[in-house]
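Below is one structure, written out as structure tokens; the observations come after it.
Read-outs: derived from the displayed coordinates by stated rules, not from any lab. All figures in this text were calculated on a predicted structure; none of them were measured in a lab. For neighbour counting, all protein chains shown are included, and Cβ atoms are generated from backbone atoms with ideal geometry for every residue, glycine included.
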Amino acid sequence: MAVTPLIADLVVANHILYDQGVVDGFGHVSVRSDQRKDRYFMARNMAPSLVQAEDILEYDLESNAINAAGRRSYLERFIHSEIFRARPDVMAVVHNHSAAVIPFTVSAAPLRPVYHMGGFLRDVKKFDIRTATGRMTDMLIRDHDLGFSLAKTLGDSPIALMRGHGATVVGASLKEVIFRSVYTEVNARVQMQAMALGGAVEYLSTEEAELAEKANSGQYDRPWDLWKSQAIAARRKN
Ligand code: MN
């Protein structure tokens with residue numbers, strides 16, 4: 001498969017997510033194909049930090065790999081296909097188990113915009129796999145139905161928290177989904193610190209959050225360029 005600019009950016013996105021503490025050995029990022037709306041690209045089953053262009057597989061919206069050639073796929077790839085199917089506006093999806101976010105998946109305390117970088121967090125959905133299925137599971141989105149159920153809960157939001165599991169974040173571009181994934185992690189951490197102080201926490205109002213998100217949406221190149229340069233420097237072979 002040709003290493004297009006989109007594939008090169010997807011490799012960088014994998015590295016950024018690891019460097020910024022959003023993913024560890026687990027978690028994944030996908031991008032919709034710029035050639036076909038019914039295809040997407042994602043790495044084979046491996047740690048995001050180690051992904052190279054040759055590890056990127058192309059998938060249809062059933063999450064069948066077109067060019068697997070024996071390579072394993074992520075078990076939870078149905079998160080990506082069902083969201084791409086349900087949301088024509090979504091061009092990129094990140095699924096992660098970032099540590100700062102997990103408490104908000106199990107607590108009644110909502111994740112909210114605690115500062116302007118988290119403006120998009122004014123609309124956070126919560127997905128409970130037990131409620132959605134009415135049965136006990138291993139918590140993984142391992143088939144079409146579970147992916148569909150998650151996509152339904154996500155609705156038109158930028159993020160769905162998944163109880164006892166993690167989060168799924170979407171964006172209109174790789175740069176947007178990376179921005180949102182990193183700042184979800186940071187906002188969660190900062191919010192817990194604000195809550196730990198014990199006083200009432202003053203969150204951004206809905207209007208402030210909307211205005212802040214609009215302002216940030218013109219700035220995605222800036223953190224991307226920084227994180228990309230760090231990702232390249234960290235992996236340069238001497
Ligand atoms: Mn997962």
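A few comments on the model shown:
- The single condition from (1) surrounded by fewer than 19 Cβ atoms within 10 Å (Cβ to Cβ); (2) over 20 Å from Ile129 (Cβ atoms); (3) touching a residue at least 40 places away in the same chain (Cβ under 8 Å) that Leu75 fails is (2).
- Members of the range 162-177 that are under 17 Å from Gly21 (Cα atoms) and in contact with a Lys or Arg (Cβ under 9 Å, 6 or more places away or on another chain): Val169
- All positions within the range 87-101 that are surrounded by fewer than 18 Cβ atoms within 10 Å (Cβ to Cβ) and more than 13 Å from Gly21 (Cβ to Cβ): Pro88, Asp89
- Exactly one residue out of Arg135, Arg85, Arg130 is of a type in the set (Lys, Arg) and within 16 Å of the ligand (Cβ to nearest atom), and it is Arg130.
- Residue list for the range 92-127, filter: in a loop (DSSP other than H, G, I, E, B) and either within 16 Å of the ligand (Cβ to nearest atom) or in contact (Cβ under 8 Å) with a residue 40 or more places away in the chain (or both): His97, Ser98, Ala99, Ala100, Val101, Ala109, Leu111, Arg112, Pro113, Val114, Tyr115
- With a requirement of 1 or more residues that are among the hydroxyl-bearing types (Ser, Thr, Tyr) and without any contact (Cβ under 8 Å) to a residue 60 or more places away in the chain, the helices (runs of 4 or more DSSP H) lying completely within the range 140-238 that satisfy it span 144-154, 221-234.
- The single condition among (1) touching a helix residue (DSSP H, G or I) at 6+ places or on another chain (Cβ under 6 Å); (2) closer than 21 Å to Val29 by Cα; (3) part of a loop (DSSP other than H, G, I, E, B); (4) of a type in the set (Ser, Thr, Tyr) that Thr137 does not meet is (2).
- Counted residues, the range 7-52 - those being buried (at least 17 other Cβ atoms within 10 Å of the Cβ) and without any contact (Cβ under 8 Å) to a residue 40 or more places away in the chain: 9
- Subset of the range 53-72 that is surrounded by fewer than 17 Cβ atoms within 10 Å (Cβ to Cβ) and in contact (Cβ under 8 Å) with a residue 60 or more places away in the chain - its residue that is nearest to the ligand (Cβ to nearest atom): Glu62
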